[in-house]
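Below is one structure; the comments refer to it alone.
The values are calculated or read from the model by the stated rules, or taken from the named source; none is laboratory data. Keep in mind that this is a model prediction, so the values were computed, not measured. Heads up, the Cβs are rebuilt from the backbone with ideal geometry, glycines too, and the neighbour counts pull from every protein chain shown. Ligands, DNA and RNA are excluded from the accessible area calculation, which covers all protein heavy atoms including side chains. Shrake-Rupley method; radii C 1.70, N 1.55, O 1.52, S 1.80 Å.
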Amino acid sequence: MRYFLVIFILTSLGVFLIAGKQGDVSRKPPIEIFDDMVRQVKFRPQQPNRFFENERTSQLKVEGTVARGSAYEDSPVNTGKFGGGNTNFVSAIPIAVTGTLMTRGAERYAISCKVCHGALGDGNGVTKKFGMGVVGNLLDPVIVKQPDGQIFNTITHGRNLMNGYGANITIQDRWAIVAYVRALQRAQFATAADLPAELRK
Amino acid sequence: MSDVFPKWTNKLPLMVIVGGALVGGAMTMAVTHYVSPKYTRVGYQPIQPVSFSHAVHADQLGMDCRYCHNGVEKSWYSNVPSASTCMNCHNQVLKDDPRLALVRESYKTGKPIPWVQIHKLPDYVFFNHSVHVNRGVSCVECHGPVNKMDEVKHAKSLGMPFCLECHRDPEKRLRPLSEVYNLDWKAPEGTVPGEKFVHDWKVLPGDSCSVCHR
C-alpha cells in the first residue's frame, strides 16, 4: 500500500506539473482531436488560401470595378464635388442634416477623428503627446472657410500627412462627421448672438 | 501447514476500495479539469508577428475598438485591421522603429501581416458579432479585458455552456449601447439596466439548437 500511495502521489504531481491548471498561458494552439467537423473545407475571411497566387481568401477588388451595393456615381453625395473637376466642392452638405445625423456624427467623430484631432477639434488629440508632430487644427479659419465638400474629400482621400478614411467610413457617416465638425467650429466661434434670447445677458 | 493467504490479504478489500476511490477520484478530477475548453483554450496567447499592444492603443491612447475592428457592428466577422490602418499614425509615430518594420513592409507591398488568430469557434457553430454588440453585449463578456492586455489572451472558454449561460439569462450582462465599447464599464451599484433593455428591445437570444447550429 505504501508503494501504491507513493506512486499515486508522484503520478498525480507529475500530471499536474506537466499539464498545469486552467487558464495558464500557452503559446501553442489548442489541441483538436476529432477535427473533421470542427475545421471544415470552408473559407473564412482573412485566412491564408494557397489557391490564389497572393494567398488571400478575401481577394482585393479588381482595379476599376465597383462592389455590389456600393456607390459608383460621380454625384455630389458620393464625391463631395460637382461634375468631374478637382476642386468644384459642394458648399453645403447634400443630405438632410437632422438631429440623428448630428448624434451619429458625434459618435463617428469620437471613433475615427478624436485620437488625432482631439475632442474639441483643436488638433490636441492624445497622439500629439506621443510624437504625432503635425495634426490639422479643425478650428483654423482656413478650414472653417472650406466648403463642406472639401472636408468630405479630406475624410475620403486624406490630405498630405493624413491618410484617407474612405474605406472605413460609409458615405452617410462621412457627411455626418462633416456636420459635427461644423458644429464644433460653430461652438468655438459662437457669439452672444447665437444664444437664445433668454440666455443672453 | 502455513496459511494459503498471508495475513495482509485480510486488508485487501479495504485497499482495493481506498485505492479505487483515490484513482477514480483523481481521474474524475483530471477529466473535469483538463478535458474542458476552460483548460484547452483559455490562456492561449500566441506570439504575434508584431508586438502590438491593446493596452497601449486602447487603454492608454483611449482608441475605440471600432477604429480598427470597424466591421464588428456591421457584420458577423470582426476584422483585424490592415497595415494601412496602422500607418495612419505610424507614418509619424515611431516612424523608423524596428518593431514596426513588418507593418511598413506590408503597407508597401500589400502582403498581409500574418496575425495569428486566437478565438476560433468550430465551423459547425454559427456566430455573429453584430447581433451581439448592437444588443448591448460588450466585447468584455466574450473576450475579457482586452484593453488591459499587452498581448491578447483567450480569456473565456467560448464553449457551448458559456454561450447558453447568457442566452438563457441575458439581463445581467447587457449594457447601454453607448457603453458596449467601454470595457471598464460597471453597472451602477444595485441596478440591473439589462432588465429594461430585454423588455424594450424584446431581446430573446434563444437556446434552441438551430440558433447556433444551422
Which whole number gives the average, over all residues in A:14-26, of C-beta atoms from other chains lying within 10 Å of the residue C-beta? 5
C-alpha long axis of helix A:148-157 to longest principal axis of chain A, angle in °: 30 degrees
Carbon and sulfur: what percent of the stretch A:82-159's accessible surface (1.4 Å probe)? 60 percent
Between B:ASP96 and A:ASP122, what FRET efficiency follows from the Cβ-Cβ distance if R0 is 30 Å, with the result rounded to 0.05? 0.60
Give me the percent of accessible area attributable to carbon and sulfur for chain B, probe 1.4 angstrom. 63 percent
Most mobile of A:LEU13, A:LEU139, A:LEU60 per a Gaussian network model of chain A (Cα springs, under 10 Å)? A:LEU13
The FRET efficiency for B:GLU105 and A:GLU198, from their Cβ-Cβ distance with R0 = 45 Å and rounded to 0.05, is 0.15
1.4 Å probe accessible area per residue over the stretch A:95-192, in Å²: 49 Å²
Exposed-site-free run, longest, chain A (rule: chymotrypsin sites (Phe, Trp or Tyr not before Pro); DSSP loop; at most 16 other C-beta within 10 Å): A:83-188
Grab the beta carbon distance between A:TYR3 and A:MET37, set R0 = 45 Å, and tell me the FRET efficiency rounded to 0.05. 0.50
Enter the mean number of other protein chain beta carbons within 10 Å of the beta carbon of each residue in B:89-99, as an integer. 3
In the stretch A:33-63, the GluC sites (Glu not before Pro) that sit in a DSSP loop and have at most 10 other Cβ atoms within 10 Å of their own Cβ are A:GLU53, A:GLU63
By how many degrees, 0 to 90 and rounded to 10, does the Cα axis of helix A:171-188 deviate from the longest principal axis of chain A? 60 degrees
Taking a cut-off of 26 Å between Cα atoms, list the lysines near A:LYS128, but don't count ones fewer than 8 places away on the same chain. A:LYS114, A:LYS145, B:LYS95, B:LYS108, B:LYS148
Averaging sequence separations of C-alpha pairs under 8 Å and six or more residues apart, then dividing by the length of the stretch B:49-200, give the relative contact order as a whole percent. 26 percent
Log entry, pair A-B: total buried accessible area, probe 1.4 Å, protein chains only, in Å² rounded to 100, is 4300 Å²
Output the relative contact order of the stretch A:1-92, whole-number percent, from Cα pairs under 8 angstrom with separation of 6+ residues. 9 percent
For the stretch A:27-70 the residues that are at least 30 Å² less accessible with all protein chains than alone, 1.4 Å probe, are A:ARG27, A:PRO30, A:VAL38, A:ARG39, A:GLN40, A:LYS42, A:ARG44, A:PRO45, A:GLN46, A:GLN47, A:ARG56
Top of B:HIS54, B:HIS199, B:HIS167 by mean-square fluctuation, Gaussian network on chain B, Cα under 10 Å: B:HIS199
Mean Cβ neighbour count within 10 Å, used as a protection proxy, ranking A:190-196, B:27-33 highest first: B:27-33, A:190-196
The farthest towards the positive end of the charge dipole of the stretch A:1-93, of the residues A:PRO30, A:GLN46, A:ILE18, given +1 on Cβ of Lys and Arg and -1 on Cβ of Asp and Glu, is A:ILE18
Nearest 10 degrees, 0 to 90: what angle lies between the long axis of helix A:99-112 and the longest principal axis of chain A (Cα atoms)? 50 degrees
Relative contact order of the stretch A:95-192, defined on C-alpha pairs under 8 angstrom at six or more residues apart (%): 34 percent
Which of B:LEU204, B:LEU158, B:LEU177 moves the most in a Gaussian network model of chain B with Cα springs under 10 Å? B:LEU204
